[in-house]
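Have a look at the structure below before the remarks.
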Amino acid sequence: MGEIDDAVERADREGFTRQPPKTLQARINFLMKQLRTTKAVAQEIGVSQRSVERYRKGERKHPPQAIAERIDVAVRARWQPQVRRRRRKQAATTTGITVETRARFGYTAPVGTTDDGRFRRLTVHLPPAYAQRLFNARDAGASDQQMRQIIAEGFKEIYFQDGGARAMGLSDVTLNDIDYLDLDY
């Protein structure tokens, strides 16, 4: 996963209205409801069917760290899909998305101005159209670089050009060397 994917996942988790199951047995039972068979759960988390049966019955309560993390990822990926869809739809149609980052921004500018990339710390609210483009790209399996470009285009329009009020000669904005990136919607 890239930085943008991680940021979208964090934003999704922040929107949970209820916390996912805490105990191993409850998590395995939740996955059983979602995937229907012990074989499917076993394939999803990378263990044997017998291990899934032991986790489900409570015979085994402490899996190795790597397996516990895979169980956590599998549960969180399937937890409250309706809440996620509703929040994404709202961001893509009405509220937009807020991007907070510290990264190196570079750009192509007219002769006589500086185009040296430099680190900036920015918090910018992007309109719903950019949220929709970002979600569509992510769902289509776009690379992290492609999703960075969508965010960079939004920063160019909203922050650098102030919606058409300045820096109209600015053509390409790039987002590089991300220290951190956080999304909220």
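The values are calculated or read from the model by the stated rules, or taken from the named source; none is laboratory data. Quantities reported herein were computed from a predicted structural model and do not represent experimental measurements. Reconstructed Cβ throughout: ideal geometry from the backbone, glycine too, with neighbour counts over all protein chains shown. SASA here: full protein model, heavy atoms, side chains in, ligands and nucleic acids out. Shrake-Rupley method; radii C 1.70, N 1.55, O 1.52, S 1.80 Å.
At 0.36 nm per residue, and after removing the present C-alpha to C-alpha distance, how many nm does the segment from Asp184 to Val83 gain when stretched out fully? Mind dumping the intermediate values first?
Details: separation 101, 0.36 × 101 = 36.36 nm, distance 1.45 nm.
Going from the current span to full extension adds 34.9 nm.
Would you mind checking which residues have amide H under 5 Å from Thr174's amide H? H placed 1.01 Å from N; only 5 or more apart, or other chain.
Result for Thr174 returns Gly106, Tyr107.
For Arg50 and Asp5, compute 0.36 nm times the residue count separating them, minus their Cα-Cα distance, and round to one decimal in nm.
Details: separation 45, 0.36 × 45 = 16.20 nm, distance 3.31 nm.
Additional length available on full extension: 12.9 nm.
Which value, in debye to the nearest 20, gives the size of the charge dipole of the chain about its Cα centre, when Lys and Arg are +1 and Asp and Glu are -1 at the Cβ?
Numbers: 33 positive and 24 negative charges, 309 e Å.
In total the dipole reaches around 1480 debye.
Applying a 10 Å radius around every beta-carbon, put 149-155, 131-137 in order of their mean neighbour count, most first. Mind dumping the intermediate values first?
Values: 149-155: 21.3, 131-137: 19.6.
My ranking of the peptides, most packed first, is 149-155, 131-137.
Looking at the chain, what % of its DSSP beta bridges pair antiparallel, to the nearest 5?
Numbers: 18 of 18 bridges.
If I count the DSSP bridges inside the chain, around 100 percent turn out antiparallel.
With runs of 4+ DSSP H residues as the only contributors, calculate the mean residue ellipticity of the chain at 222 nm using -39,500 (n - 2.57) per run, divided by the residue total and rounded to the nearest 500. Walk me through the numbers on the way to the answer.
Details: 8 runs with 89 residues, N = 185.
Mean residue ellipticity at 222 nm (helix-derived): -14500 deg cm²/dmol.
Could you rank the peptides 56-68, 94-106, 30-42 by their average count of other C-beta atoms within 10 Å per residue, with the highest value first? Don't jump to the answer; show the numbers that get you there.
On the way: 56-68: 12.2, 94-106: 18.1, 30-42: 16.2.
Going from most to least packed, we get 94-106, 30-42, 56-68.
Arg76 to Asp144: FRET efficiency via 1/(1 + (r/R0)^6), r the Cβ-Cβ distance, R0 25 Å, to the nearest 0.05? Provide the component values of the computation, followed by the final result.
Details: r = 20 Å, r/R0 = 0.80.
Working from the Cβ atoms, E equals 0.80.
Over 29 Å between C-alpha atoms is what I'm after, so list which of Lys61/Lys89; Lys33/Lys89; Lys39/Lys89 land there.
Details: Lys61/Lys89 38 Å; Lys33/Lys89 26 Å; Lys39/Lys89 34 Å.
As for pairs spanning more than 29 Å Cα to Cα, those are Lys61/Lys89; Lys39/Lys89.
State the answer as a single residue: which of Gly141, Phe119, Gln34 lies farthest towards the positive end of the charge dipole of the chain, with beta carbon charges of +1 for Lys and Arg and -1 for Asp and Glu, about the Cα centre.
About the Cα centre, the residue reaching furthest to the positive side is Gln34.
Just grab the label-to-label distance for Glu59 and Ala129, each label 7 Å out from Cα along the Cβ direction, in nm (one decimal).
Modelled inter-label distance: 6.0 nm.
Specify whether the C-alpha gyration tensor of the chain places it in the rounded, prolate or oblate class, a ≥ b ≥ c being the square roots of the eigenvalues: rounded for a/c under 1.5, otherwise prolate if a/b is larger than b/c and oblate if not. Can you show the working numbers first?
Working: a/c = 3.45, a/b = 2.54, b/c = 1.36.
Verdict is prolate for the chain.
Could you report region 1-114's accessible area per residue, 1.4 Å probe, as an integer in Å²?
Working: 6640 Å² over 114 residues.
In whole numbers, region 1-114 has 58 Å² accessible per residue.
Leaving ligands, DNA and RNA out of it, report the carbon-plus-sulfur percent of the accessible area of the chain at a 1.4 Å probe.
Working: 4840 of 10330 Å².
Carbon plus sulfur share of accessible area: 47 percent.
Any chance you could run the full-extension gain for Lys39 through Phe16? It's 0.36 nm times the residue separation minus the Cα-Cα distance, nm to one decimal.
5.5 nm
Name the residue from Val173, Ile67, Ala7 whose Cα lies farthest towards the positive end of the charge dipole of the chain, charges +1 on Cβ of Lys and Arg and -1 on Cβ of Asp and Glu.
Positive-most Cα among the choices belongs to Ile67.
According to a simple spin-label model (label point 7 Å from Cα along Cα-to-Cβ), what is the distance in nm between Arg118 and Gln161?
Simple spin-label model gives 2.3 nm for this pair.
Could you pull out every residue, at least 5 positions away or on a different chain, whose amide H is within less than 5 Å of the one on Ile97? Hs are placed 1.01 Å off N in the peptide plane, and Pro or chain starts have none.
Leu126, Ala131
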